[in-house]
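**Student:** This structure is in structure tokens; I'll ask about it shortly.
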Amino acid sequence: MHVGLELDVKRIHQLDNDRHTRRKVGQFLPTVISSCVCTRCRRDCYSRVGLHSHYKRSKSKIHTQGV
């Protein structure tokens with residue numbers, strides 16, 4: 001009688017793991033290739049505004065390091 005109960009518990013755990021795996025697989029976001037990548041350091045800024053801000057900051061760092 002206990003052997004049957006153990007098999008049922010293992011089956012329940014396996015089904016739970018399968019459901020968990022199916023839920024988690026659907027959560028991964030597809031990789032999107034961005035067109036807003038810095039040409040100096042290859043950083044993906046995700047938007048033109050972010051790229052412009054990053055470019056200005058990195059440009060000012062280059063000038064201050066050279067002094």
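**Student:** Of the residues that make up region 20-33, is at least one in contact with a strand residue (DSSP E or B) (Cβ under 8 Å, 6 or more places away or on another chain), part of a helix (DSSP H, G or I), surrounded by 10 or more Cβ atoms within 10 Å (Cβ to Cβ) and at pLDDT 80 or above?
**Tutor:** No, region 20-33 contains no residue that is in contact with a strand residue (DSSP E or B) (Cβ under 8 Å, 6 or more places away or on another chain), part of a helix (DSSP H, G or I), surrounded by 10 or more Cβ atoms within 10 Å (Cβ to Cβ) and at pLDDT 80 or above.
**Student:** Can you run down the residue pairs with Cβ atoms below 6 Å, 6 or more apart or on separate chains, where the first is in region 32-61 and of a type in the set (A, V, I, L, M) and the partner is assigned to a loop (DSSP other than H, G, I, E, B)?
**Tutor:** 51/36; 51/45
**Student:** Let me spell it out: the conditions are (1) surrounded by fewer than 10 Cβ atoms within 10 Å (Cβ to Cβ); (2) at pLDDT 90 or above; (3) of a type in the set (Lys, Arg), and residue 42 meets all of them except one. Which number is the exception?
**Tutor:** Of (1) surrounded by fewer than 10 Cβ atoms within 10 Å (Cβ to Cβ); (2) at pLDDT 90 or above; (3) of a type in the set (Lys, Arg), only one is false for residue 42: (2).
The values are calculated or read from the model by the stated rules, or taken from the named source; none is laboratory data. None of the values given here were measured: they were computed from a predicted structure. Every residue, glycine among them, receives a Cβ derived from its backbone with ideal geometry; neighbour counts consider all protein chains shown.
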